[in-house]
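Single-structure report; data block below.
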Amino acid sequence: MAEMATMTMSDDDLRARQRRGVRRTLLVLVLLVLAFYLGFIWLAAQR
Amino acid sequence: MSTTADQIAPAHDEHHAPRGLLRWLTTTNHKEIGTLYLVFSLTMFFVGGTMALIIRAELFQPGLQIVEPYFFNQMTTMHALVMIFGAVMPAFVGLANWLIPMMIGAPDMALPRMNNWSFWIMPFAFTLLLSTLFMDGGGPAGGWTLYPPLSLQTGAAFPFVILAIHMMGVSSVMGAINVIATILNLRAPGMTLMRMPLFVWTWLITAYLLIAVMPVLAGAVTMLLTDKYFGTSFFNAAGGGDPVMFQHIFWFFGHPEVYIMILPAFGIVSQIIPTFARKPLFGYASMVYATASIAFLSFIVWGHHMFTVGMPLAGELFFMYATMLIAVPTGVKVFNWMATMWRGSMTFETPMLFAVAFVVLFTIGGFSGLMLAIAPADFQYQDTYFVVAHFHYVLVPGAVFSIMAATYYWLPKWTGHMYDEKLGRLHFWCSAIGVNVLFFPQHFLGLAGMPRRIPDYALQFAGFNMISSIGAFLFGLSQLIFLWVVIKCIRGGEPAPAKPWEGAHGLEWTLPSPAPLHTFQTPPQIDPSEAHG
Ligand code: HEM
Ligand SMILES: [Cu+2]
């Protein structure tokens with residue numbers, strides 16, 4: 001499992017991996033938020 | 001770009017940390033931010049509580065005695081907004097801040113600066129919201145649901161209310177992003193998803209709900225704003241819009257929102273019951289799946305708030321059955337809690353008292369919810385005190401009791417002192433009796449036809465209203481005991497050991513009490529047998 005791979009990583013590698021993960025999560029979630037906000041207004045404007 | 005916990009935590013120089021007010025303004029530490037959220041929430045709990053007591057004082061007797069009807073309407077609207085967005089939600093975010101990093105072995109939240117910002121938006125949002133009470137035309141008075149066209153009649157306060165709601169939304173969305181980023185990325189090696197404590201699991205799922213629905217609320221109130229000031233007609237029938245569409249959009253947010261206020265409570269209760277029953281949680285995996293199913297179903301039941309607007313029959317039936325389906329995963333949870341207690345060696349310290357009361361009283365609210373879900377019956381119940389009784393059972397002895405249970409349970413870890421057990425139990429019994437005297441008679445009032453959100457009522461409702469108001473003052477005043485216990489515990493008391501509850505499991509109990517400012521700078525070793533409390 002990917003989660004188990006972290007058990008044998010060096011601390012620096014672990015931190016770098018976490019940093020990349022956080023950045024990716026942030027990007028995806030911000031896009032989701034915008035999509036829901038604008039998406040619903042757009043849908044409401046369709047009728 | 002983003003700053004992650006690990007970038008600043010190891011380099012953090014404690015000697016240069018500012019002191020006093022500036023320290024709290026600039027802190028990026030999850031424990032300090034957790035404390036800020038909890039203190040803010042407690043303050044708002046008393047502000048919203050005062051409004052509730054104004055409402056109950058007016059309703060003590062039929063007739064108009066104490067406040068103007070228009071002010072009464074502002075109180076019902078503000079009470080709900082303050083309690084939902086100012087008391088319950090920030091309390092859970094505060095608990096998430098304190099506990100999630102400690103429970104998964106992370107040094108801090110993933111985005112500490114954003115964390116600071118999420119908190120500090122809140123005091124401004126609520127100062128703004130509360131200040132509308134003093135504006136021309138008063139504060140919002142059309143109910144927390146803000147239905148147009150009524151809400152569009154709000155006076156000068158309107159744009160300020162909309163801005164305040166946007167600010168609360170931004171704050172919760174940032175909080176939710178932080179929770180997800182932390183849980184997905186900062187777990188200590190070996191802390192697999194299915195080893196996470198249930199509080200962490202329920203918060204992860206809650207955070208996804210927040211991401212999906214807070215922007216929808218923001219969209220809805222943005223459209224209210226443009227309808228009022230910029231000539232759009234989203235909800236204006238005269239311009240080709242549809243006021244019922246607002247209700248659909250609002251409840252697409254609103255129903256998941258009620259689960260946002262209960263899923264973390266489920267998590268807390270799932271941590272506390274095993275500790276004081278001295279048995280592992282029964283059905284851990286089924287708890288996780290039940291939480292996920294509840295979250296999924298919560299998106300397809302919004303129509304149960306709109307049975308009386310004139311939906312097609314197929315719509316009524318769909319929303320009725322979908323709503324009833326939620327009883328299944330909810331039942332799984334209740335049975336799992338009971339099975340955990342079954343033949344356990346139980347003791348009833350204050351956190352456990354609140355947790356057991358949660359299971360019993362939340363379930364009463366679940367049953368009245370099921371009654372409301374029956375579409376033809378809801379034609380009778382809609383907009384009566386029966387609905388008020390329903391949601392107060394799930395929210396007060398539900399969500400609020402879980403927050404109190406959590407406070408008693410983790411207070412020793414936060415402060416390093418034991419709280420006063422005698423006072424804790426006194427607080428519990430006054431609250432448990434008060435809450436039932438307050439809300440149980442409201443079922444009868446609703447079934448007899450008393451409408452919600454009115455300052456005066458027919459004489460036949462007098463008796464139960466008087467009982468309800470007495471319960472309200474008993475409940476409200478007993479919260480002063482809570483305040484006293486918390487202050488007393490912060491200022492001193494018997495020193496707490498690292499693990500004050502012999503049956504407790506989980507990483508947070510491996511840390512000393514009070515938990516030092518920085519913990520798990522190097523990830524802890526995960527002992528699988530200790531996993532998920
Ligand atoms: C056990 C499952 C539940 C069912 C079947 C259920 C069902 C319902 C229904 C049908 C209504 C609409 C009543 C009406 O306006 O005529 C309602 C209202 C409400 N419910 Fe529930 N509910 C459940 C759980 C919860 C929970 C867990 C919460 C919050 C923690 C909650 C909070 C509310 C609130 C706040 C309202 C009223 C909203 C308003 O009109 O202001 N419910 N519920
Ligand atoms: Cu609902």
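The values are calculated or read from the model by the stated rules, or taken from the named source; none is laboratory data. Values in this document were obtained by computation on a predicted structure and should not be read as measured data. A quick note on method: Cβ atoms are made from the backbone with ideal geometry, for glycine too, and the neighbour counts reach across all protein chains shown. The area values use the complete protein model at the heavy-atom level, side chains included, leaving out ligands, DNA and RNA. Shrake-Rupley method; radii C 1.70, N 1.55, O 1.52, S 1.80 Å.
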All conditions in (1) in contact with a Lys or Arg (Cβ under 7 Å, 6 or more places away or on another chain); (2) open to solvent by less than 30 Å² (accessible area, probe 1.4 Å); (3) touching a residue at least 60 places away in the same chain (Cβ under 8 Å) are true of B:SER345 except (2)
Breaking point among (1) within 16 Å of ligand 1 (Cβ to nearest atom); (2) in contact with a Phe, Trp or Tyr (Cβ under 9 Å, 6 or more places away or on another chain), for B:ALA218: (1)
Residue identified as more than 9 Å from chain A (Cβ to nearest Cβ), buried (at least 24 other Cβ atoms within 10 Å of the Cβ), assigned to a helix (DSSP H, G or I) and among the polar types (S, T, N, Q) among B:GLN247, B:GLN271: B:GLN271
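What helices (runs of 4 or more DSSP H), lying completely within the range B:1-67, carry at least 3 residues that are surrounded by fewer than 20 Cβ atoms within 10 Å (Cβ to Cβ) and modelled with pLDDT under 95? It would help to see each step written out before you state the result.
On the way: elements: B:5-8, B:20-26, B:30-58.
Once the helices (runs of 4 or more DSSP H) in the range B:1-67 are filtered for at least 3 residues that are surrounded by fewer than 20 Cβ atoms within 10 Å (Cβ to Cβ) and modelled with pLDDT under 95, what remains is B:20-26.
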The range B:177-190 - residue that is among the hydrophobic types (A, V, I, L, M, F, W, C) and within 8 Å of chain A (Cβ to nearest Cβ) and, of those, most open to solvent (accessible area, probe 1.4 Å): B:LEU184
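State whether the residues of the range B:415-427 include one that is open to solvent by 10 Å² or more (accessible area, probe 1.4 Å), out of contact with any Cys (no Cβ under 8 Å at 6 or more places or on another chain), modelled with pLDDT of 95 or more and within 14 Å of ligand 1 (Cβ to nearest atom). Outline the logic, then answer.
So in the range B:415-427, the residues open to solvent by 10 Å² or more (accessible area, probe 1.4 Å) come out as B:415, B:417-423, B:425-426.
Then drop every residue that is not out of contact with any Cys (no Cβ under 8 Å at 6 or more places or on another chain), which leaves B:421-423, B:425-426.
Those still in the list that are modelled with pLDDT of 95 or more too: B:421-423, B:425-426.
Narrowing the set further to residues that are within 14 Å of ligand 1 (Cβ to nearest atom) leaves none.
No, because not a single residue in the range B:415-427 is open to solvent by 10 Å² or more (accessible area, probe 1.4 Å), out of contact with any Cys (no Cβ under 8 Å at 6 or more places or on another chain), modelled with pLDDT of 95 or more and within 14 Å of ligand 1 (Cβ to nearest atom).
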Could you check the range B:209-244 and list, in sequence order, the residues that are more than 9 Å from every other protein chain (Cβ to nearest Cβ) and closer than 30 Å to B:ALA181 by Cβ? B:LEU209, B:LEU210, B:LEU217, B:VAL221
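Please state which one of B:GLY310, B:GLY369 is away from ligand 1 (no atom under 12 Å from the Cβ) and more than 14 Å from chain A (Cβ to nearest Cβ).
Selected residue: B:GLY310, the only one of B:GLY310, B:GLY369 that is away from ligand 1 (no atom under 12 Å from the Cβ) and more than 14 Å from chain A (Cβ to nearest Cβ).
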Do any residues in the range B:351-376 that are under 14 Å from B:ASN336 (Cβ atoms) have Cβ atoms under 7 Å from those of residues that are open to solvent by 10 Å² or more (accessible area, probe 1.4 Å) and within 16 Å of ligand 2 (Cβ to nearest atom), where the two are at least six apart or on different chains, and which pairs are they? B:PHE362/B:VAL394
Quick one: how many residues across the range B:15-40 are within 27 Å of B:ILE481 (Cα to Cα) and touching a residue at least 60 places away in the same chain (Cβ under 8 Å)? 9
